[in-house]
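Working notes, beginning with the structure itself.
Each reported figure results from applying straightforward, stated rules to the coordinates on display, with no laboratory input. No experiment lies behind these values; they were computed from the predicted model shown. Reconstructed Cβ throughout: ideal geometry from the backbone, glycine too, with neighbour counts over all protein chains shown.
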């Protein structure tokens with residue numbers, strides 16, 4: 001299994017200029033391209049648990065510190 005991060009950029013609803021990056025980790029036997037489809041469930045779950053946030057953008061990447069593998073943003 002390969003560790004893959006779903007990289008979210010989220011902003012506070014109360015202060016839309018206050019944005020930050022958050023990474024959700026999951027394991028996949030599929031290539032990183034499959035993350036684009038798999039991530040939607042995890043993003044929906046995370047956003048449902050954090051109603052104070054607004055999703056600005058997201059993408060998939062290998063975990064930080066894993067420079068030997070290329071990153072791909074969606």
Discussion item. Using Cβ contacts closer than 10 Å as the measure, can you line up 7, 29 from fewest to most?
Written reply: 29, 7
Fill in: Along principal axes, Cα extents of the chain, largest first, whole Å
38, 23, 16
Discussion item. Above 15 Å lies some portion of the pair distances; for the stretch 13-56, what is it as a whole percent of all C-alpha pairs?
Written reply: 51
Response to the item:
Ranked from fewest to most other Cβ atoms within 10 Å of their own Cβ, 54, 33 fall in the order 33, 54
Worksheet entry | Likely footprinting exposure, 55, 13, fewest C-beta neighbours within 10 Å first | 13, 55
Practice prompt. Sticking with the crude label model, points 7 Å out along Cα→Cβ, report the distance from residue 28 to residue 2 in nm, one decimal please.
Written response: 0.8
